[in-house]
1. What nm value, rounded to one decimal, do you get for the distance between residue 85 and residue 210 when each label is placed 7 Å out toward the C-beta?
2. Ignoring everything except DSSP H segments at least 4 long, calculate the 222 nm mean residue ellipticity for the chain; use -39,500 (n - 2.57) per segment, divide by total residues, nearest 500.
3. If I take R0 = 41 Å and measure r between the Cβ atoms of residue 101 and residue 39 in this structure, what FRET efficiency does the formula 1/(1 + (r/R0)^6) give, to the nearest 0.05?
4. Which percent of Cα pairs goes in each bin when the distances of segment 1-113 are cut into 10 angstrom slices starting at zero?
5. Given 0.36 nm per residue, what is the gain on full extension from residue 141 to residue 73 after removing their alpha carbon distance, in nm?
6. Which of the three applies to segment 110-174, rounded, prolate or oblate, going by the alpha-carbon gyration tensor with a ≥ b ≥ c and a/c under 1.5 meaning rounded?
7. Compute the Cα gyration tensor for segment 86-128, then decide on rounded, prolate or oblate, letting a ≥ b ≥ c be the square roots of its eigenvalues: rounded whenever a/c is under 1.5, prolate when a/b is larger than b/c in the other cases, and oblate in all that remain.
8. Please say if segment 141-187 is rounded, prolate or oblate, where rounded means a/c under 1.5 for a ≥ b ≥ c the square roots of the C-alpha gyration tensor eigenvalues, and otherwise the choice is prolate for a/b larger than b/c and oblate otherwise?
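What follows draws every value from the coordinates through simple rules; no lab data is involved. Not measured: the values here are computed from a predicted model. Note that we place each Cβ from the backbone using ideal geometry, even for glycine, and neighbour counts take in every protein chain shown.
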Ligand code: G6P
Ligand code: MG
């Protein structure tokens with residue numbers, strides 16, 4: 001029986017995926033390189049340094065460790081400027097209603113995000129109080145698709161990974177959740193997310209009844 005929901009942050013709860021994309025694109029452009037929105041799908045869920053390495057790889061550029069940390073810092077400065085004025089209007093549709101429904105039904109709720117900005121974003125958007133546990137990029141060294149971020153959340157909640165359902169918009173995140181032995185609900189507008197147990201285009205389509213039907217393999 002599923003009694004725990006673990007949410008990815010960027011692109012599931014909060015509309016930040018496009019800001020990450022714009023900031024990475026600006027960084028790539030400053031290096032004389034560009035990448036497309038479909039390339040960007042592969043960066044979703046991946047931590048900052050690993051994302052940078054992928055972009056440099058695509059560009060065929062090699063940078064030493066010091067240069068890489070300066071580039072990552074530059075991207076994060078641009079990103080932080082974009083999210084500075086963030087508030088509850090930046091929550092994705094359906095986020096608050098679904099969290100409220102789960103909280104009223106005694107589900108354990110956690111966030112499992114690669115982002116080092118997760119706590120700040122949860123505070124700004126006013127949803128921090130829903131989560132017993134927030135595992136973010138400051139707590140785990142290994143990036144999704146490594147399952148550590150989700151296993152750590154289950155461990156801190158004292159729940160079995162098999163009792164957890166993960167909500168993810170990134171391919172790396174779906175893989176991480178599967179490797180953790182958890183159920184996964186893919187949150188995506190298009191059909192480019194593979195391997196999840198069920199899909200919704202956004203949390204506005206979610207409620208506990210739908211969650212249970214996906215988990216029990218009897219889609220509504
Ligand atoms: C999430 C996003 C990625 C982002 C990563 C690290 O997983 O989907 O696009 O690169 O977090 O975020 P940070 O805020 O630490 O740079
Ligand atoms: Mg995401």
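1. Calculated label separation equals 3.1 nm.
2. That calculation yields -12500 deg cm²/dmol at 222 nm.
3. Once the sixth-power term is evaluated, E becomes 0.70.
4. Using 10 Å bins, I get a P(r) of 12, 39, 27, 16, 6, 0 for segment 1-113.
5. Stretched fully, the residue 141-residue 73 segment lengthens by 22.7 nm.
6. The shape class here is oblate.
7. Oblate.
8. Oblate.
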